[in-house]
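Below is one structure; the comments refer to it alone.
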Amino acid sequence: MTLLEGRIALVTGGARGIGLAIATMFVEQGARVVLADLDGAAAGRAAEELGDGRALGTRCDVTAEDDVRDAVGAAVERFGRLDVMVNNAGVTRDATMRKMTLDDFRAVLDIHVTGTWLGTRAAGAVMREQGSGSIINISSIAGKVGNFGQTNYSAAKAGIVGMTKAAAKELARSGVRVNAIQPGLIRTAMTEAMPQQAWDAKMAEIPMARAGEPSEVASVATFLACDMSSYMTGAVLEVTGGRYM
Ligand code: NAD
């Protein structure tokens, strides 16, 4: 049995890391996927590797209204519909407030909050017409507890939670579900860039005593994407190995 047979999905930030792991698992489960990433060339290569007509890579800056509209349009044009939208694209620009610039603050808010809003709005419009769909927003455990040196990122990831719940209420009657995932420490380029000391400090807080793999976020995204979660909307699922439970 495949969980997403015939479904069409779009994953922002899908060229690598958690987004690519989600896209890969979706394809394994029978979906066709659009990878929309700021790095269009990497998205194209990743789509090719996912194989033969099952994936399309496209350049998209999630902070640009036209780019997001075009990415959703590409999914509908190429594959005929849009069943699953994953708002995953993200960056960090860490610094304590002593050093963080307003640009660093605004850039992170823009990518996570505005980007997720644009993706939710564009996908929601298509899904509302279809009468079905699942939108999955990638928040972070930082949005629950707040992280030292991440006032921008923590605010953005908490913002995604509020937005997820508000959008879930607006779209529920149209058969569209909106849920969020809060990953903890997951092994990707984003976290491998972290100083060893910061990595060790995070590890010490994890009851399961290990970092998570991108595939362990992807399996939860697959659950939210498919009909096994058909009565769930506005939910926030933590994927943290028990950290900050
Ligand atoms: P990553 O850096 O490996 O991948 C992020 C991808 O997003 C890249 O391909 C990048 O090109 C793309 N991207 C960046 N800005 C973009 C923009 N404006 N428009 C479109 N694409 C853009 O990061 P990751 O670790 O895979 O993180 C994916 C998501 O998971 C992010 O939202 C991140 O905040 C969240 N997250 C990650 C962790 C972790 O531990 N890795 C934990 C919690 C939440």
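With contributions of -39500 (n - 2.57) from each DSSP H run of at least four residues, the per-residue ellipticity at 222 nm computed over the chain stands at -14000 deg cm²/dmol. With neighbour counts taken as other beta-carbon atoms within 10 Å, the residues I206, I22 rank, fewest first, as I206, I22. Applying both filters, DSSP loop and at most 15 other Cβ atoms within 10 Å, to the chymotrypsin sites (Phe, Trp or Tyr not before Pro) of the range 33-118 eliminates every site. When E192, E238, E213 are arranged by Cβ crowding within 10 Å, least crowded first, meaning fewest neighbours, the order is E192, E213, E238. Please identify, among T12, T63, T191, the residue showing maximal mean-square fluctuation in a Gaussian network model of the chain using a 10 angstrom Cα cutoff. Of T12, T63, T191, the most mobile in the Gaussian network model is T191. Diffusion of the chain by Stokes-Einstein, at 20 °C in a medium of 1.002 mPa s and with Rh set to the Kirkwood radius over alpha-carbon pairs, works out to 121 µm²/s. Computed log10 I(q)/I(0) for the range 77-117 at 0.19 Å⁻¹: -0.64, from the Debye equation with unit scatterers placed on every C-alpha and solvent omitted. Please list, or write none, the lysines whose alpha carbon is within less than 29 Å of the alpha carbon of K165, excluding same-chain residues fewer than 8 places away. Output for K165: K144, K157, K202.
Hydrodynamic analysis of the range 18-61 uses the Kirkwood radius over alpha carbon pairs. Inserted into Stokes-Einstein at 37 °C and 0.692 mPa s, it gives a translational diffusion coefficient of 330 µm²/s. Here r is the Cβ-Cβ distance between D227 and M190 and R0 is 45 Å; the resulting FRET efficiency, rounded to 0.05, is 0.90. The Rg/Rh ratio for the range 119-245, using Cα coordinates for both the radius of gyration and the Kirkwood hydrodynamic radius, is 1.01.
Of the residues G212, G124, G13, which exhibits the maximal mean-square fluctuation in a Gaussian network model of the chain defined by a 10 Å Cα contact cut-off? Answer for the Gaussian network model of the chain: G212.
Note on K169/A41: beta-carbon distance plugged into 1/(1 + (r/R0)^6) with R0 of 51 Å gives a FRET efficiency of 0.85.
All of the numbers you see were taken from the coordinates with simple rules; none came from a lab. These numbers were taken from a predicted model, which means no experiment stands behind them. Using ideal geometry, Cβ is built from the backbone for each residue, glycine included, and neighbour counts are taken over all protein chains shown.
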